Every structure is written in structure tokens, then in C-alpha cells.
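**Q** Handing you a structure now.
The values are calculated or read from the model by the stated rules, or taken from the named source; none is laboratory data. All figures in this text were calculated on a predicted structure; none of them were measured in a lab. Note that each Cβ is placed from the backbone with ideal geometry, even for glycine, and that neighbours are counted across all protein chains shown. These accessible areas exclude ligands, DNA and RNA; they are computed on the full protein's heavy atoms, side chains included. Shrake-Rupley method; radii C 1.70, N 1.55, O 1.52, S 1.80 Å.
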Amino acid sequence: MASSSTGTSTPAGTATAMVQLTDVQKHFGSHHVLKDVSLTIAAREVVVVVGPSGSGKSTLCRCINRLETITSGTIAVDGVDLPAEGRALAKLRAEVGMVFQSFNLFAHRTILDNVTLAPITVLGRSRKDARAEGLALLERVGIADKADHFPAQLSGGQQQRAAIARALAMKPKVMLFDEPTSALDPEMVSEVLDVMTSLAGDGMTMVVVTHEMGFARRAADRVIFMDDGRIVEEDTPADFFDHASSPRAQAFLSKILPH
Amino acid sequence: MNIFVDSAGPLLEALGTTVMMAVIAGVAAIVLGTVVTAARISPIPVLRGLAFAYVQFFVNVPLLVLLILAVFALPDAGLLLPLTPTAIIVLALYEAAYVAEAIRSGVNTVGTGQIEASRALGFTLVQSLRLVVVPQALRAAVQPIGNVMIALTMNTALAAAVGVVELTSEANKLNLVEAQPILIFTVAGLIYMALALVIGLGAGRIEKRVAIKR
């Protein structure tokens, strides 16, 4: 963490850093939501971010594709510092997939249109290719039969899988998941987590904010525990869940693990 | 009833003028109103300010005042247009402000989540407006825009005050000759009601047709 990387060029020591946050501070008005956050995520790494609500984990996730701006510090994706709002940022966002808690599918478009819209519009893919790839992705997440349905006709779990397919259609370098199962009925959580687990197995770089500790154990390379805007602890899932070192992480785990 | 048969020609022609004014001003108001809304929700402060000022001006000045100003003041300023086109332009400018308000209420129905999702996919602002926001906003605004179109059609009657020979003006002329105000203006009123009904039903059908499937 002591290295003073300049961001625009990839320093030798962090050749495989896909996402790099350095001394990030973020305020909402007078509320200090991210404090001195530094984090390096390697390519193909799956990082699960956990912590009590209000700890800043969602904000951290949303800062990585600049849906939230930061007060100071730097964030780089694949060696490129996040540009200011404009075409360059749009281009970078196209390479970072995002899955939201509330799915956010385009309500007026069919599921297949949802998946093909960005590849056609942003990447300039032909309609035919985009549809073929879109159908393959829907097949992969198990909802190919819903291609011609509208979002509101699908269950929450199906909508979230469609949203994952929509993000994957852009062939992103990294995928951000902002509490992807928090809005789902319990019986639909596993169908979404299964898709995410298979994605992790395929080597996708992933940042996952979640309360699903089973998923963290199963799929994460590293667990980040946040509290009060700071990264308090980071460890492998086995070490984190079995012997967390900080009292705050221990308290957090004791509250959620019995369920 | 004879009086209507005898003057059917001029009456139909006047009705034609009313419908023509409503259709041309209506289409222009929808196009202009969409542009004003786009400016109103754009991230460029100057555009937002101009659009806000536009809406405030036209919502807060009576249409009759605008018509009189356009018909009598513009020629003084060297701009001489025939009466009917002048009235159509004023109507379009005036109703565009109401259309803009109707569409803006539609924009508010599009969740910020969808806008964030489109930004996260790499859409530019214009792409996100064109592909995500406006199509859904217009759908939600169909019925309110229909109501603006009905108001516009009724407002064409004000053009009679500045000399355009449309339905109300022709009815008035007929009354000067026949002196049967109750009969003549009741019939004229019924015709306006029929026009409003057609617009209302049309808006209802369009709304059903474009409704997002749930």
C-alpha cells in the first residue's frame, strides 16, 4: 500500500490490478461515508464486501464505475484513472458491468432487447450478432424462454438473472454486484447466486456486496469487512469466518451467522 | 334546421379550418414540447433555464393576449403573416408549454434506477434519454397530452377574436343573420364536444396500444 502508483501507467508490481482504489474519501454532505479506503483487486479475483448497513459498502461499489463521485483519492480500472463525466467515462463504464439490488431492467423493452440494447448502441454490434449472443447469454442464465417477455412479467430472480445477462453482454472486464439478492424472495436467492458462482468459476473479476455469507464462503477469494466507512479487515473466507481478528467483525459475524 | 342546410358550405369550411388549426398546432406543440422537456432535464444549466422560462412565460400569459399581440404587434415589427398561420403558430407555442409539463410528469415516472443502469452500461446522456427515458415518459404522458390537445382544440375558438374564420366565428356570423343564438351555439358546442370525444378516445386507444406489458 506504500507504493505511489501514478495510475495511468501500470506499475510493475501491480501488473494484474484490475481495480485499484487509493486513499479514497467520500462525503455525502457532512457525512463521511468512505474513509481512507485503499484496495487492490487483481484480475480474475472475486472480492466479497460485507459489513453492517451504513458501513459504506454499497457506496464503495458504486464509486468504482463513478455512479458516485469521490471527494478525494484515486480509482483506476485496468490501469486507467476514472475520467470525468463524458464520453471517456461512458467508454469505461461500458467495460464495467453492474448489477443492482432492484434489477433496473428497462421496463418498456423485452428481456432480449434489454440484453442487446447496449451492445448495439454502445459497441455498434449488428442486430443479428447481438441477438445471437444475447440468446446464448439468456440460455446461460437459464431464462432463454423469457426472451420475448417484458421485465414485469418475470419473477424477481428471473429479472435479476436477466440483469446479469445484460451486464455480461458488454463483455465487461469486471462485474460489480450491489446487493444483488437483497430484494429477492428467499426461494429465488439461490438461482441468482448459482449464476454468480458459475461466473466466478469462469474467472470473471467480481466485486460483490452481499449479505449472503454462504456465497462468500463458496466463491470469494477474499472477504472485505467494512464498518463505519473503513475497511476493517480483509482475509480469505475461511480465515475471516472462522477466526476474524477484529472485535467489530466478530460482533458482526456473531449477529448474522446463527441465522 | 334549414339555416344549417343553407349555410352548410361555409360552416363545413369553418369546421375544416378549426380541425386544420388543431392538427397542425397540435403536432407542432408535441414536437416543440418534447424539445423543451429535453432541455428542461438536460445537465446544461443555460438550457434548463431557458426551458423553464419558456414554460413559465406561456403558462402565465393568457392565450388571447398572445393572439392579439401576434396579430397586431408583429406586423408593426415588420413581420406580416396571414391570420390563420399566425394563430396556428401562437397556439403551437402556447400549448407546447403545457405539453412540456405533461411530458415532464411522464419523465418523473421513469425510475432513477433505469437511468443509472443505462449509464452503467456506457450510454451517453443523449442515448440514455432517447432509448430509456423519453420512450417511457411519452407512454406515461399520452393521456395528459390528450387533455392538452382537447384544450388546444377548444382554444382554437379564441382565434375568432382576431379575425380567423373558424367554427365559432362562422357560427357568430350565422347568428348575426338568423338571430337564433341558442340553437346555433348549441350546435357549435356539440361539434366541439364531438371533436373532444374523438381526441379523448384516440388518446385512450394509443395509451392501450403503447402500454408496457405487465
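**Q** Before we go on, tell me the buried accessible area for the B/A pair, both chains summed, 1.4 Å probe, in Å² to the nearest 100. All intermediate terms of the calculation are to be shown ahead of the outcome.
**A** Details: alone 12020 and 11930 Å², together 21870 Å².
It comes to approximately 2100 Å² buried between B and A.
**Q** For A:Ala84 and A:His211, what is the calculated FRET efficiency with R₀ set at 41 Å and r taken between the beta-carbons, to the nearest 0.05?
**A** Numbers: r = 33 Å, r/R0 = 0.81.
Efficiency computed from Cβ-Cβ geometry: 0.80.
**Q** Which semi-axis lengths, in whole Å and largest first, follow from the square roots of five times the eigenvalues of the Cα gyration tensor of chain A? Could the numbers behind the result be given before it?
**A** Working: eigenvalues 174, 108, 52 Å².
Three semi-axes, in Å: 30, 23, 16.
**Q** Could you work out how far helix B:167-178 tilts from the main Cα principal axis of chain B, as a 0 to 90 degree angle to the nearest 10?
**A** 10
**Q** Then there's this: Considering all projection directions equally, how large on average is the shadow of the alpha-carbon convex hull of the range B:133-212, in square nanometres?
**A** Numbers: hull surface 24.8 nm².
Answer in nm², one decimal: 6.2.
**Q** Once fully extended, how much extra length lies between B:Leu80 and B:Glu13, figured as 0.36 nm per residue of separation less the alpha-carbon to alpha-carbon distance? Could you put the intermediate results ahead of the total?
**A** Working: separation 67, 0.36 × 67 = 24.12 nm, distance 2.41 nm.
Here the segment from B:Leu80 to B:Glu13 would lengthen by 21.7 nm.
**Q** Still on this model: Considering protein heavy atoms only and a 1.4 Å probe radius, which residues within the range B:102-120 exhibit an accessible-area decrease of no less than 10 Å² in the full assembly relative to the chain by itself?
**A** B:Gly113, B:Gln114, B:Glu116, B:Ala117, B:Arg119, B:Ala120
**Q** Hey, another quick one. Could you work out how far the C-alpha centroid of the range B:84-111 sits from that of the range A:216-232, in angstrom?
**A** 51
**Q** Once both labels are modelled 7 Å past Cα along the beta-carbon direction, what's the A:Thr71-A:His32 spacing in nm?
**A** 0.7
**Q** Projected area of the protein assembly as shown, taken from the Cα convex hull and averaged over every viewing direction, in nm²? If you can, show how the numbers build up before the last one.
**A** Values: hull surface 121.0 nm².
Across all orientations, the protein assembly as shown yields a mean hull projection of 30.3 nm².
**Q** Shape of the range B:1-86 from its Cα gyration tensor (a ≥ b ≥ c, root eigenvalues): rounded if a/c is under 1.5, otherwise prolate when a/b > b/c, or oblate?
**A** Working: a/c = 3.19, a/b = 1.98, b/c = 1.61.
Verdict is prolate for the range B:1-86.
**Q** Also: Keeping all protein chains in place, calculate the accessible area per residue for the protein assembly as shown (probe 1.4 angstrom), answer in Å². Numbers along the way, then the final one.
**A** Working: 21870 Å² over 473 residues.
Per-residue accessible area for the protein assembly as shown comes out at 46 Å².
**Q** Along its three principal axes, how long is the range A:84-164 when you only count alpha carbons? Whole Å, largest extent first please.
**A** Each principal axis gives a Cα extent; for the range A:84-164 these are 37, 30, 22 Å.
**Q** Kirkwood Rh, the range A:67-107, all Cα pairs: how many Å? Numbers along the way, then the final one.
**A** Numbers: mean 1/r = 0.0836 Å⁻¹.
12.0 Å is the Kirkwood radius here.
**Q** Could you work out [θ]222 nm for chain B from helices alone, using -39500 (n - 2.57) per DSSP H run of at least four and dividing by all its residues? Round to the nearest 500 deg cm²/dmol. Kindly include the intermediate steps, with their values, before the conclusion.
**A** Numbers: 10 runs with 162 residues, N = 214.
It lands at -25000 deg cm²/dmol.
**Q** Take the Cα atoms of the range A:188-231, find their three principal axes, and give me the spread along each one in whole Å, biggest first.
**A** Computed over the Cα atoms, the extents are 31, 24, 14 Å.
**Q** Quick one: work out the % antiparallel among DSSP beta bridges in the protein assembly as shown, nearest 5. Show your work: numbers first, answer last.
**A** On the way: 20 of 37 bridges.
Beta bridges within the protein assembly as shown, antiparallel portion: roughly 55 percent.
**Q** Expressed as a whole percentage, what fraction of the accessible surface of the range B:2-210 belongs to carbon and sulfur atoms when a 1.4 Å probe is rolled over the protein heavy atoms? Show your work: numbers first, answer last.
**A** Values: 7490 of 10410 Å².
Carbon and sulfur: 72 percent of the exposed surface of the range B:2-210.
**Q** While we're looking at this one, here's another question. Convex hull volume of the Cα atoms in the range B:2-210, per residue, in Å³? Spell out each step's value before the answer.
**A** Values: hull volume 27.7 nm³, N = 209.
Spelled out: Cα convex hull of the range B:2-210, divided by residues, is 133 Å³.
**Q** Out of residues 5 or more away from A:Arg44 or on other chains, whose amide H comes under 5 Å of its own, with H placed 1.01 Å from N in the peptide plane?
**A** A:Thr205
**Q** For the Cα atoms of chain B, what angle does the longest principal axis make with the long axis of helix B:45-60, in degrees from 0 to 90, nearest 10?
**A** Relative to chain B, helix B:45-60 is tipped by roughly 30 degrees.
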